[in-house]
Amino acid sequence: MLMLDRYLVASGRAVDLATGAAVRFHTRAVPARRAPTLFTMRGRCWLIDFDLRKHTRLEVWERADKMDAELDQRTLQAFRSAIADARDGQPRAFDVVEPSADKWQLLQRVLAREARLAGFVPIAADALGAVLAEAHWRWPSWIKDRSLVLFATDTRWSPDASLALFRLATRDARPHLIVRCATSELWRPKLAATVLSIHDSAHQDGAGDGSLVERAEALHQAGKMVEAESVARWSVLLSDDEGPARCALAKSLTGQRRLLEARAALASIDSAEAEAVRASIRTAAGQSRFEPAMVEGLIDILRVCHELDDPSAALSRVADMLRSSMAASVVAFIIADRQHPHSAAHAGAYVPSAAHLRLAAQTLDTGIASPLTGCGPGDETTWPIRYGASIVGAVWVQWAMGAPLTTNDVATLLGLAAAATAPAVHALNERLRAPRGAASAIPDLIGNSPAIEKVRQAVLKAAASPFPVLIEGESGAGKELVARAVHAASLRRSKRFCALNCAALSDELVEAELFGHTRGAFTGAIAERLGLFEESQGGTLFLDEVAELSARVQAKLLRTLQEGEVRRVGESTTRKVDARIVAATNRPLGGEVTAGHFRNDLRYRLDVLRITLPPLRERVDDIPPLVRHIWATLSERTRSRAVLSPSALSLLGAYDWPGNVRELQNVLASVMVSAPQRGVIGPHALPGHISRAAAVASRATLAEARREFEARFVRAALARSGGRAVSAARELGVSRQGLRKLTMRLGLSNLDGRGTH
């Protein structure tokens, strides 16, 4: 509730002491508990105040012909931030330049509304002086314990206003804010002619600015640094000659170890006293320059980034440290979220929205810092955050009432903060890249390329049907991952998923694993056992490397698929089963059928729905997200804080990966184990064959390019054939001896025909 005593009534008219605007009073007979909402509109007026008195309510209405849409929203937001800053108990001036008196009156009324909503009492400086003069310099009850927003147009104050501000400065250190506006006209004469008559005060002894300086000095000597700063700021606001006042302010700031603000306070002062204060600041800093303070801040930022595992929490802590160091209203770390600036972490009066981050968006696009202009309210600056050669984010800072630091100090602080927080911003940037579309339904299939997106769509279609699925792809490409994705997206996901590697077991063991056996069916069968067909009842059975099954097992598998029943080894009865078959092979079944190694009728039973998984070398765009995902998983398992440098990531993308994703996982695991637990891992930590392959790829001669192409082509053929030299030679159109000579010439002699690497 805001008290009605702030309005003066003369000759039947009511005037708002804050703006000089005419207001109207209405009395309504309503229950006291029914409190209205301030600044609700009725017609062309809004409710600016009310008072509940038993069963009546006294309402104050003001005409509102124009609304906030015509105002500069940046000024309005800066004023809200200034209100938040003023709560610290350190009065400052919010300066506004408005050539049009009409627009200033509108802006003043809106600022008065914002002040009331924030719990402050808006009042003109001259009106405050007149009110105190009429009250014989005693504080009325309605402002005795309230925080004030003082309006001073053209910064011309009456003697009573100056004395009132002096009394306000010397009485306490409550949060107050002065709004100073330069206009082409004055509304004060109109207000004075209406209801106020400024009287010369007989109580102006000791009201000069020097008294404020002396009081600030006395408080400083008594060790009351915060109170001394408050009085010194009042002195700066009220003084024409700011030299002594700024010296007193610098002394109090130095006592609080706010050395950068202290130096900025003396930037425009050239006097013997100012030099003495500068000398004391240098003594407090430790030497003739301010590098120790900068280094101390950098060390604190680095310590926070290393101690906190969560990059978001670390950036929030750093933002709070920067806000305290630069006396800013808001400090935020900005990243590009789907091509739009987004505040990843912030500290200050409000969360910056996209409307506040236009300058930050430019920095993210161009990588160029926006220097501090020092133009007054709403000052802002941004600094790019580079991780290697990439722009991963930006630091955005705003001061509601002007930056209290020099431009060079601000640039140095932001440059240090950007360099120290780059790994944390990079980690947060990667973490916040959430999958979309089909990727969100199948989160285990990492990648953004069209090839992997096509696989996701095929998985969703296969999962929606009850038919067998055949997955084709090279070894290590992730065929089992696709099979699990089909099961997880299907209606059978609540049942079991059973997997069998057909190439890892002998014929007898494969048959027993698939169909089960009775006790004593063969040597070692000491107990009855269910087969995988029965264990996966209602679920999914995954047969990896299905082309490796023998002819006998193929025949029995075909009957099971046709009849939907199994017969355990050593048993004569059959059992009904309902398991969906998902098979995988690293060699096309058509070639195996032609070679006589696989039954054609079984192939048609398995190859109802086909999913072809492309090798990693054909989806190079997926290597960065795969590296990020695998590295994050390994970091969680090993509790490592190390990060890969962009140059190392570039080398990983230049390698052809004949072992596909499995080889990538093994390489990253090896790097993480051998590298330090913290810091940035460069390309020197990668295995030698990856570095050499990237070096060869960067060469430009035709012979080297041909050699590299042949080596990659042979590796791919060997990978598709599962390391079998005969199959690879047949695919390449050469003999087995020709393949051996080719691998020796290309330096691939380590490929002995049993594996790809």
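The values are calculated or read from the model by the stated rules, or taken from the named source; none is laboratory data. Small disclaimer: the values here were computed from a predicted structure and weren't measured. We place every Cβ from the backbone using ideal geometry, glycine too, and count neighbours over all the protein chains shown.
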Being touching a helix residue (DSSP H, G or I) at 6+ places or on another chain (Cβ under 7 Å) and not in a helix (DSSP H, G or I) is the filter; apply it to segment 672-694 and report the residue that is nearest to residue 639 (Cα to Cα).
678
With the condition kept exactly as written, say whether any residue in segment 652-661 is part of a helix (DSSP H, G or I) and without any contact (Cβ under 8 Å) to a residue 40 or more places away in the chain.
yes
Among the residues in segment 646-658, are any in contact with a strand residue (DSSP E or B) (Cβ under 7 Å, 6 or more places away or on another chain) and within 17 Å of residue 426 (Cβ to Cβ)?
yes
Starting from residues that are surrounded by 19 or more Cβ atoms within 10 Å (Cβ to Cβ) and not aliphatic (A, V, I, L, M), keep the ones in segment 557-587 and report whichever is modelled with the lowest pLDDT.
568
Filter segment 28-49 down to residues that are surrounded by 11 or more Cβ atoms within 10 Å (Cβ to Cβ) and over 43 Å from the mean Cα position of the chain (by Cα) and give me whichever is modelled with the lowest pLDDT.
32
Note on segment 454-480: residues surrounded by fewer than 17 Cβ atoms within 10 Å (Cβ to Cβ) and either free of Cβ contacts under 8 Å to residues at least 40 places away in the same chain or at positive phi (or both) are 454, 457, 460, 464
Filter segment 308-362 for residues that are more than 27 Å from residue 636 (Cβ to Cβ) and in a loop (DSSP other than H, G, I, E, B) and give the result.
327, 328, 329, 339, 349, 350, 351, 352, 353, 357
Name the residue, out of 691, 721, 698, 749, that is at pLDDT below 85 and buried (at least 19 other Cβ atoms within 10 Å of the Cβ).
721
Can you tell me which residues in segment 256-277 are crowded, with 16+ Cβ neighbours inside 10 Å and part of a loop (DSSP other than H, G, I, E, B)?
258, 266, 269
Of the residues 217, 229, 261, 242, only one is charged (D, E, K, R) and in contact with a Gly (Cβ under 9 Å, 6 or more places away or on another chain); which?
229
